[in-house]
Each structure stands twice: as structure tokens, then as C-alpha cells.
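The values are calculated or read from the model by the stated rules, or taken from the named source; none is laboratory data. Just so we're clear, the structure is a prediction, and the values are computed from it rather than from any experiment. Note that we place each Cβ from the backbone using ideal geometry, even for glycine, and neighbour counts take in every protein chain shown.
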Amino acid sequence: MTLRLFNSLSRQVEDFQSIEPGHVRMYVCGMTIYDLCHIGHARMMMAFDVIQRWLKVSGYRVTYVRNITDIDDKIIQRAVARGITLKALTEEMTAAMHQDIAALGIEPPSLEPRATAYVPQMLSLIETLEERGLAYRATDGDVNFAVRKFPGYGKLSGKSLDDLRAGERVAVASNKQDPLDFVLWKAAKASEPAEAQWDSPYGKGRPGWHIECSAMCGALLGETFDIHGGGADLQFPHHENEIAQSEGAHGKPLAQYWVHNGFVRVDNEKMSKSLGNFFTIREVLEKYDVETVRFFIVRTHYRSALNYSDAHLNDARASLKRLYTALGSVQPAEVTQIDWQQDHARRFASAMNEDFGTPEAVAVLFELAAEINRSADVALAGLLKALGGTLGLLQGDPQAFLQGGGASLGAGLDEAAIAASISDRAAAKAAKKFAEADRIRQVLLAQGVVLKDSAIGTTWERN
């Protein structure tokens, strides 16, 4: 089956073919690390984690580069406000980011370059653009990109220069030839710390945000590579500007395919700090277990808007319980290699090969679970676990998940208290005190514990 993906550049689903047979080179714009990662960051990293995993399942060797922006206006402002160095801030936030994404089961990229390590490459790229007449030195010491001199500007976002110009709401800055021009190199300011300044042919200063990614992806993946990705909010102007810089300098397409994940909304409103509906990954994981959060994100197609709410996460937890209940009902057979000709596996792969269609793939998992509940087939249980594993799901112990509690972790009875109640109930039943046995069941149920009687005894799970 041929892998197909939606290319933001062509605005249509296309057959995927890597430049180098069997090897995919992918660059994704990562974090600007001045604060803790939020649920929007989790959504982006999860989307490309699933893409990376499926490319590997499909037999590709993947070189996945996800950068870290460690020099930026917000980083400088936050470090100054906290009275610490830029390096201290970025080291702290990078460590926190790594902890958060590891908690979510997100696999690390192949390479994780930091912008500050690539300033020489950025300067070289700027010099090339200047030589080609696409960059100019402004009176205030900045170096800007001349947008109107790059004929292809707007091809990714679908915005024409006239539309962009009509949308300008600010006067032309005195240092720019055109309001659409963007900065490549920022001249140093006296108010900024020395560690935010580099020597250059243009005087002391630091790179603009857009040039950072052009330099890093070019240095690590070449002038043209397979997939360039990031959040939908980066499509314009960041990715549009990357194309202008890289293609303006090299005269070659920057990437064959452009992939963008959808926005995160909170209770159907745009996520925003100003609205008070902004959640860090750590805040979310205080309320919900890791796999529930992962399942909540994965079951929505990566290009669709993701609506975050407690109701949706509670529903994700309940849905995931159905899959784990099926696994917990039998001992899954170990699957070392998936038979992709098997009907469920074939349909799962067909869904994933159509623009990484996780909603349809997850639906196949539920079909498998229903069949396992009917047949107690250990081979199907093994397949369910193996297919779930390609999405980073269903690899935990079923009983541990079912007894784990999900939302509001740590609340309610502990395992020892539950075991004691089950023992008391068994004693009541043995003494034919059925009303007492039923009362114990109802007391546990009121505290979120569901008892299940079978031939092997009584088990429990949290609802």
C-alpha cells in the first residue's frame, strides 16, 4: 500500500516518495524554550511522533530533526525578568521539556539542534541572500529580507503580495523598504545582555527567528529534504519566510512535502493565556494519566482541530478502558511481527497510509476489542496490543490501567482498602448475608470502584 499525505504546499493529498529510497529526512519546528510546554506543544509533538513511528513501521529509516529555539525576544525578556542568564533559563526549560515529552511517551528526534550552535551557518546564509540581492542592510543596523524580490512568496500560505499589503495595519518602518520585509539579523541593543550578541559582518547582533530554521535544516538535512512540519500557526509567516530564505539562497525547493497539525481549542474557544484557558502538560498530567492524554490526542486526526476539555478527556479514558478491558480478559499472544495481510491489520494500515488516519485506525482497534470480547482469542489480543503499539498505546498492564483511576489520580480508596472490602464482601456472601454483600458493592461503587465477579474470583477496576 502506498503512503499518501496531505501536502500543505499543493493543498491536496499526494503519494509519498522519499528523495532517497528507504530514507525519510524530516524537519519539524520545535519549542522556543522560555516557559513550560503546554497542551498545544504536546499536540504538535504527538502528531509528528505518530508520523515518525508509522514511517518506521512502513520500513523507512527516518532522520527526524526537531530544533530548539534558544535565542529569542521572549527568552531574553524572561531571563532578564528572573535575573538569570539566558543559558540558565534555556537549560532549565529544555530539561523540563524533555521530562514532559518523555512522560507522554513521545520518542526523541534523531537530532535536536539548538539555534545558538548554528549562528555561523545563519550568517553564511544571510551573506548569500545579500549577494543575490534578496537582503539589504537597514539604517538601524538590521538586515532584512526583501520579500518583493522573491517571486514565489506566498505559495505556501496562498497569500498574494497585494493581499498581504492590503492587510498591513502599521506604517512602514523607517528601516524597511517594504512593510512585508522581515528581519534576518537584529542589531544589538544596549539594553540586551552580552550573551545575546554575536559578532558579524553587520556588527554585533543576533539572528531573526526565521533564519534559524533555514540554517539548521539546511545544515543537517541538505538543501532539499522530504518533509517539513510544524503547527498550523507556523504556516504563515514562519514557514513562508523559511521558503523565501532557503529557496532564495539555493535556488532549490526546501521540502517536497509540508505537513501541519491543527490547532488546539479549549471548550471550543481558542486557547489563550489572556482567556485563562491555557494548560501546561504538567497541569494536564496532574488530572489525567499519561495514556489517556496520549489517546485523547491520537484519536483525532492530526490536521483537525483538537478540542480540549475535561469531558473529552473523561470520554477518552472511558474509551481506552474498553480496549484494556478486552486485553485484560485474555492473556495476549506475543506478536513479534504483525501479519499485515490479516484483515484487521490490513485495514489499520490502509487507514494510516491515507494521511496518517488515526481516527479510522483507532476504529479498527475497537473492532478487534469487540471480537476479542466475543471469542477470547489470544492471537487477536496480541494483534490488538501490537497495532496499538504502533501508536504508542496499549503497552501497559491492563489490570494496572483499569485500577489506575484516570482523572484525579490519588483520590478515593487505596488498593489495600479495596482488597479488605472485597474480602468482607466474600465473607458476607459465604454467610449468606447477601444484603450486606450488596451494600459493600454499592459503597465501593459510590467511591468509583467497580467489582466484577467471575469463575476465578472477584476483580475490580475504577470507573
Look through Pro151, Pro201, Pro179 and report the one residue that is modelled with pLDDT of 95 or more, assigned by TED's automatic domain parsing to the domain that holds His23, in a loop (DSSP other than H, G, I, E, B) and not small (Gly, Ala, Ser). Pro201
Looking at the stretch 84-98, is at least one residue in contact with a Pro (Cβ under 9 Å, 6 or more places away or on another chain), over 29 Å from Asp226 (Cβ atoms) and modelled with pLDDT of 95 or more? yes
Is at least one residue of the stretch 113-127 of a type in the set (Asp, Glu) and in a helix (DSSP H, G or I)? yes
Could you say whether any residue in the stretch 241-249 is touching a strand residue (DSSP E or B) at 6+ places or on another chain (Cβ under 6 Å) and within 20 Å of Asp72 (Cβ to Cβ)? yes
Regarding Glu354, is this residue more than 27 Å from Phe6 (Cβ to Cβ) and either among the charged types (D, E, K, R) or assigned by TED's automatic domain parsing to the domain that holds Met93 (or both)? no
Name the pairs: first residue in the stretch 224-251 and touching a residue at least 12 places away in the same chain (Cβ under 8 Å), second residue basic (Lys, Arg) and part of a strand (DSSP E or B), Cβ to Cβ under 6 Å, at least 6 apart or on different chains? Phe225/Arg25; Asp226/Arg25
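Counting only residues that are assigned to a helix (DSSP H, G or I) and surrounded by 24 or more Cβ atoms within 10 Å (Cβ to Cβ), how many does the stretch 29-42 have?
Residues that pass the stated criteria total 1.
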Restricting to the stretch 339-373, name every residue that is under 16 Å from Arg53 (Cβ atoms) and among the aromatic types (Phe, Trp, Tyr). Trp340, Phe348, Phe356
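Taking the conditions exactly as written (over 29 Å from Lys270 (Cα atoms), buried (at least 21 other Cβ atoms within 10 Å of the Cβ) and under 20 Å from the mean Cα position of the chain (by Cα)), does Arg114 satisfy them or not? Can you show your working first?
Working: over 29 Å from Lys270 (Cα atoms): yes; buried (at least 21 other Cβ atoms within 10 Å of the Cβ): no; under 20 Å from the mean Cα position of the chain (by Cα): yes.
Considered against the rule, which asks whether it is over 29 Å from Lys270 (Cα atoms), buried (at least 21 other Cβ atoms within 10 Å of the Cβ) and under 20 Å from the mean Cα position of the chain (by Cα), Arg114 comes out as no.
Can you tell me which residue in the stretch 269-318 is surrounded by the fewest Cβ atoms within 10 Å (Cβ to Cβ), limited to those that are among the aromatic types (Phe, Trp, Tyr) and either closer than 21 Å to Leu36 by Cβ or without any contact (Cβ under 8 Å) to a residue 24 or more places away in the chain (or both)? I'd like the intermediate steps shown before the answer.
First, the residues of the stretch 269-318 that are among the aromatic types (Phe, Trp, Tyr): 278-279, 288, 295-296, 302, 308.
Next, from what is left, pick out any that are either closer than 21 Å to Leu36 by Cβ or without any contact (Cβ under 8 Å) to a residue 24 or more places away in the chain (or both): 278-279, 288, 296, 308.
Working: Phe278: 14, Phe279: 17, Tyr288: 21, Phe296: 26, Tyr308: 24.
In this case the residue turns out to be Phe278.
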